[in-house]
1. So, in the stretch 275-292, of the ones that are more than 15 Å from the ligand (Cβ to nearest atom) and surrounded by 15 or more Cβ atoms within 10 Å (Cβ to Cβ), which residue ends up farthest from K175 (Cα to Cα)?
2. Select the helices (runs of 4 or more DSSP H) contained entirely in the stretch 24-132, then report the ones holding at least 2 residues which are in contact with a helix residue (DSSP H, G or I) (Cβ under 9 Å, 6 or more places away or on another chain), touching a residue at least 40 places away in the same chain (Cβ under 8 Å) and more than 23 Å from F2 (Cβ to Cβ).
3. Among the residues of the stretch 253-274, which ones are out of contact with any Phe, Trp or Tyr (no Cβ under 9 Å at 6 or more places or on another chain) and within 16 Å of the ligand (Cβ to nearest atom)?
4. Within the stretch 153-194, take every residue that is away from the ligand (no atom under 16 Å from the Cβ) and polar (S, T, N, Q) and give me the one that is surrounded by the most Cβ atoms within 10 Å (Cβ to Cβ).
5. For the stretch 147-241, please list each of the strands (runs of 3 or more DSSP E) lying entirely inside it that holds at least 3 residues being over 14 Å from the mean Cα position of the chain (by Cα) and under 28 Å from E253 (Cα atoms).
Amino acid sequence: MFIPTVPTPDEILDKSFRRAKKAADKVRTSKVPRYQMAKKTEEARIKTACQVTKDTLNNLLDKTPQVEQMHMFYQDYIDVMVGVDELKKSLGALNWAVGIISKIENEYVFKVRRSKSENAANVRRAAFGRIASVMRQIKDELDFLDFVKGKLRNMPTIDFEAFTLVIAGFPNVGKSTLLRQITPAEPKVANYPFTTHGIQIGHFEKRWKKYQIIDTPGLLDRPIRDMNNIELRAMVALEHLADVILYIFDASETSGYPLDAQMRLYEEIKHVFDTPIISVFNKMDLVENNKYLDEYISKLNEPLMISASEGSGVDLIIEELEEFNGGKKGNKD
Ligand code: GDP
């Protein structure tokens, strides 16, 4: 999400008052009758200061995308990262400030016009005081928007047209190896809450259809019951993206996770996500089919056997995805 540079209240005031002074200088060199000069210059200063302040705030408001018009995934993402309500409240405060500055402008332009020449400067000073006070009142909101800008830098770029596969499974089971096997280019990395290396997004095309593969190291690779509420929300936001979840088992257990624990995580993910799951047994190059492994394989509905590092079986995954994609009705959401 692009948020323009967020100025501080002092920066806004400096700019507004500097421009106001320039506007006054212009009036001074124009052909205004002497007896009107003081009032005209102060009026120009008030008007310009208010205008520049409003323009600066309006620019921030116009260029900040409207969260409620964004895809549900981004709405959840922004909510987890910074809080949608907080963001709306801050933008609301800026809107409020624009309204108040307009009122100040009208009120003080009126006052200066009716004032005596020798009082015009005092009226303008009072107006500037009011503007400064309004800016001080929105300091926290401007600070917050600056924080939002930093937090939402490098948001994931999602292709909502592509058929999307989200990879899950314990650490070291071969998720990133598989992602790299399937996608020709280096995956793109973006910020994602509670991921250790950010969200990794790879793309590939098959029969003119676009596919997107997402790995979230640190998020879909540990027991869900250990997660706090906000971690859960970061995880559940992925449901807006996933057409299919690819759950990877490490058949060899060389990752250090026994198949029993891997099966429990599979069940948890199945329980949380309302998304079809393709289950895959990886690292088959390291194991012979044995009774112990067969027991787990038989619990699942036609799991695929692969070796991600050797690239064997990867075509089976792609075939299965194509089948899912053929039956896909439009986008999720
Ligand atoms: P991730 O943490 O799930 O992304 O796991 P990685 O893709 O980083 O893989 C962890 C380790 O397992 C790496 O050393 C890989 O080379 C290795 N690995 C991944 N897939 C296979 C496989 O099919 N066979 C073998 N023998 N090793 C694999």
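Computed from the coordinates by the stated procedures, all read-outs in this text should not be read as laboratory data. Predicted model only: the values in this text are computed from it and were never measured. Note that we place each Cβ from the backbone using ideal geometry, even for glycine, and neighbour counts take in every protein chain shown.
1. T275
2. 34-63, 84-114
3. Listed by number, the residues that qualify are E253, T254, P258.
4. Only one residue fits best here, namely T164.
5. It comes to 163-168, 199-206, 209-215.
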